[in-house]
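Q: One structure, as structure tokens, below. Some questions next.
Derivation of every value follows stated rules applied to the coordinates shown; laboratory data play no part. Note that this is a predicted model, so its numbers are computed, not measured.
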């Protein structure tokens, strides 16, 4: 038993002295840290809220591709009954996203998913089309549903 205790004390002593004897090494930035600092140059985020809808639009440059993502969410009273919150009462939607001179729009009426939202994404070769450097400070999202239409200004957040 004494040998076991002596062994543990000696091992602890060696660990502490070896750990304390090592010189401090300077901390340098890793490639990941540098990439994270520059990531804001490779990402854009837009947000806007209207009376009935809110939307987000993101653009991310990853390697040689630009990925974009549009999210449209119906704003409902979460304190209302489940029946009042369901998306069938909203019906299908159509959208037009206007970015400068360019427009993206739905090809046909789209059903909402989950909690009354719609999401779409795409990928484009960044060498052919650089969406990030040409991005305006504000874009427009128009949502049509039933006999209603709402236009939302999405503002660049970064």
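Q: At 0.36 nm per residue, minus the direct Cα-Cα distance, what do residue 123 and residue 158 gain on full extension? Give it in nm, one decimal, please.
A: Using 0.36 nm per residue and subtracting the Cα-Cα distance, I get 10.5 nm.
Q: Continuing with this model, one more query. At a temperature of 25 °C and a viscosity of 0.890 mPa s, determine how fast the stretch 41-156 diffuses translationally according to Stokes-Einstein, using the Kirkwood radius over alpha-carbon pairs as Rh; express D in µm²/s, rounded to the nearest whole number.
A: 164 µm²/s
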